Amino acid sequence: MNEDSRIIIEEYCRAHRQAKKGDFLGDMVKMAYKKKGEPEEWRAVRLEQYISKEEDPEMKKALEELNAFLFG
């Protein structure tokens, strides 16, 4: 996963700490750093939902890279 994408997602998480999306994405980035096994299927589904609804092209690209890194 590209370091720039991680930074984009982490900045979003810091700015949206109280939001479900920010909390979820923060957990996903932590998983990407640790990369122990494959995350649960429900996480993949939720990440796909966030990707499909994302309007910011830079954030969308970052989420797609996170998805590819975690779920192949």
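The values are calculated or read from the model by the stated rules, or taken from the named source; none is laboratory data. Just so it is clear, the model here is predicted, and its values are computed rather than measured. Note that each Cβ is placed from the backbone with ideal geometry, even for glycine, and that neighbours are counted across all protein chains shown. Remember, those area values only see protein heavy atoms, side chains included, never the ligands or the DNA or RNA. Shrake-Rupley method; radii C 1.70, N 1.55, O 1.52, S 1.80 Å.
Structure notes:
- Each label point was placed 7 Å from the Cα along the Cα-to-Cβ direction; for Glu11 and Lys30 their separation is 2.3 nm.
- Applying the criteria of a DSSP loop state and at most 12 other Cβ atoms within 10 Å to the trypsin sites (Lys or Arg not before Pro) of segment 1-46 yields Arg17, Lys35, Lys36.
- A Förster radius of 22 Å combined with the Cβ-Cβ distance from Glu41 to Asn2 puts the calculated FRET efficiency at roughly 0.35.
- Size of charge dipole - segment 3-71 - debye, nearest 20, with Cβ of Lys, Arg +1 and Asp, Glu -1, no other charges: 320
- Here's the picture: a label point sits 7 Å out from the Cα of Glu48 along the beta-carbon direction, and within segment 16-30 nothing has its amide nitrogen under 12 Å of it.
- At q = 0.22 Å⁻¹ the log10 of I(q)/I(0) for the chain amounts to -0.96, computed by Debye summation with a single uniform scatterer per C-alpha, solvent ignored.
- Portion, in percent, of the accessible area of segment 3-71 that falls on carbon or sulfur, probe 1.4 Å: 48
- Mean sequence separation of contacting Cα pairs (under 8 Å, at least six apart), scaled by the length of the chain, corresponds to a relative contact order of 46 percent.
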